[in-house]
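Data block below; observations after.
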């Protein structure tokens, strides 16, 4: 496992790959053109899972899919003054308000998730196989098209909740001097239409959220968009289109941009030494120490160029929990290649989290060589200790919101080979208490244990000192969706670039234990 970034890193993946007029970008723009409004003014979201196993040794994941949607209205939260900025398309009109001292942003989200199901329903016009190019069924709106309760659906709130929200989830601690009046700690876009692609079944699902007694123009429009994009790309595999289709007038350009660290190498190595001193003295068992790297893009860079950078990142590192997020009001663009699912909640009650601690470089070769590399990682005492520690911490946390007796470790120290690495993964499952919803579960788990340490509260206090009170922002927080049907699927925001005002920030770090070696090469 990489203990620390010890040298300047280059933005080799986050570079322009040309004006690729690809399938997903057309979907994003088409979804912005629903009846009566131009929602592209607010932004859009692409929650993007890698299509499937990369080595042929892993089982297929039935939930591997991606969701594409545009934003109807955006909620931005500023913790410095507990401010809510709500903006609606097409012209960013809205309202500004402040939460009272006794109310948190988590409380606000919880109320939203409880109220919306009482006045809305989710409709599916059709499911369609990606390989059946001639199958152009018309959208249906009868009772059979209503999405079954608890089925995975992204309709509802999509966006990110930053690390600094721990001041509202960790009731006994508030980060000092970490908030900006101009930069939101969280942004959630409300999305009432979506297109989803399911990798295992190679099918598309178009869905819409409508008022219980509303007309269905939005639903029909989703079907029209699907038909249009399908005619434009007869081989409706989004992966193939992303790889092969480029604009007819532009070739990809690659411009290397150096990212400058926020602290010097010597200062970071000194922080590792101090972290190990805290561990030796018994203040913590493990600390996830991080730092940030920053760079600048040309002021003429446009949104499509940022999307092109994400396409390049996705091609270089297809991740299980990737995401492209663009929210215009505060100029937020997120390019995420996260490998870590934070928490998945089924609307009917099951919850699952997959802590990952332990990483080794992927080997090239036959199946036996791949298995041997995985077994070596699985046998490493340091990696095993880190994984077991975080898994036990998460299992303990699940007891706070799960039905008694249901929180359990379903898998311990499993090996998953992905695009460039082997990773050591455990799975913790439980059943959400009937009196709680997914927002309650997320609030009780945040920030991610893997990005803080154990014990959590004392580790957060130590890290705040070691990182010189520098805000982590979206990094180390969570990203994904919280749907109106009670389901949620959130990733840990790591391996992620955050772009604001043409400045990109990429953070990195690693778990520090008493066994960590500062000279250990990066993975």
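The values are calculated or read from the model by the stated rules, or taken from the named source; none is laboratory data. Predicted model only: the values in this text are computed from it and were never measured. Quick reminder, even Gly has a Cβ in these numbers, built from the backbone with ideal geometry, and neighbours come from all protein chains shown.
If you take the residues of the range 464-475 that are more than 11 Å from residue 160 (Cβ to Cβ) and touching a strand residue (DSSP E or B) at 6+ places or on another chain (Cβ under 8 Å), which of them is surrounded by the most Cβ atoms within 10 Å (Cβ to Cβ)?
472
Look at the range 340-355 and say how many of its residues are surrounded by fewer than 20 Cβ atoms within 10 Å (Cβ to Cβ) and either closer than 25 Å to residue 511 by Cα or in contact with a helix residue (DSSP H, G or I) (Cβ under 6 Å, 6 or more places away or on another chain) (or both).
1
Among (1) under 21 Å from the mean Cα position of the chain (by Cα); (2) part of a strand (DSSP E or B), which single condition is residue 431 missing?
(1)
Can you name the residue in the range 480-512 that is surrounded by 20 or more Cβ atoms within 10 Å (Cβ to Cβ) and not in a strand (DSSP E or B) and, of all such residues, is nearest to the chain's Cα centre (by Cα)?
Among those residues, the one meeting the criterion is 493.
Does residue 439 satisfy being part of a helix (DSSP H, G or I), buried (at least 22 other Cβ atoms within 10 Å of the Cβ) and within 19 Å of the chain's Cα centre (by Cα)?
yes
Need a quick list: helices (runs of 4 or more DSSP H) entirely within the range 192-291 having at least 2 residues that are modelled with pLDDT of 50 or more.
The qualifying helices (runs of 4 or more DSSP H) are 217-232, 265-280.
List the number of the failed condition for residue 347; all other conditions in (1) modelled with pLDDT under 90; (2) not in a loop (DSSP other than H, G, I, E, B) hold.
(2)
Evaluate the range 317-326: report whether one residue or more is in contact (Cβ under 8 Å) with a residue 12 or more places away in the chain, outside any strand (DSSP E or B) and either under 13 Å from the mean Cα position of the chain (by Cα) or buried (at least 23 other Cβ atoms within 10 Å of the Cβ) (or both).
yes
Determine whether the range 137-155 contains at least one residue that is closer than 30 Å to residue 494 by Cα and modelled with pLDDT of 75 or more.
Yes: the range 137-155 contains one or more residues that are closer than 30 Å to residue 494 by Cα and modelled with pLDDT of 75 or more.
Please list, ordered by first then second residue, the pairs with beta carbon atoms under 6 Å, 6 or more apart or interchain, first in the range 265-280 and farther than 9 Å from residue 466 by Cα, second assigned to a helix (DSSP H, G or I) and at pLDDT 95 or above.
Once the first residue is farther than 9 Å from residue 466 by Cα and sits in the range 265-280, its partners that are assigned to a helix (DSSP H, G or I) and at pLDDT 95 or above give 278/462.
Go through the residues of the range 169-187 one by one and say whether even a single one is crowded, with 24+ Cβ neighbours inside 10 Å, out of contact with any helix residue (DSSP H, G or I) (no Cβ under 7 Å at 6 or more places or on another chain), at pLDDT 75 or above and outside any loop (DSSP other than H, G, I, E, B).
yes
Quick one: in the range 357-409, which of the residues that are assigned to a strand (DSSP E or B) and at pLDDT 90 or above is surrounded by the most Cβ atoms within 10 Å (Cβ to Cβ)?
402
Can you find a residue in the range 479-491 that is modelled with pLDDT under 95 and within 18 Å of residue 357 (Cβ to Cβ)?
no
Going by the structure shown, is residue 166 under 22 Å from residue 506 (Cβ atoms), outside any loop (DSSP other than H, G, I, E, B), within 21 Å of the chain's Cα centre (by Cα) and at pLDDT 55 or above?
yes
Going by the conditions given, is residue 337 touching a helix residue (DSSP H, G or I) at 6+ places or on another chain (Cβ under 9 Å), outside any helix (DSSP H, G or I) and touching a residue at least 60 places away in the same chain (Cβ under 8 Å)?
For residue 337, the condition - touching a helix residue (DSSP H, G or I) at 6+ places or on another chain (Cβ under 9 Å), outside any helix (DSSP H, G or I) and touching a residue at least 60 places away in the same chain (Cβ under 8 Å) - is met.
Taking into account only those residues within the range 84-123 that are touching a helix residue (DSSP H, G or I) at 6+ places or on another chain (Cβ under 6 Å) and modelled with pLDDT under 80, which is nearest to residue 153 (Cα to Cα)?
Only one residue fits best here, namely 123.
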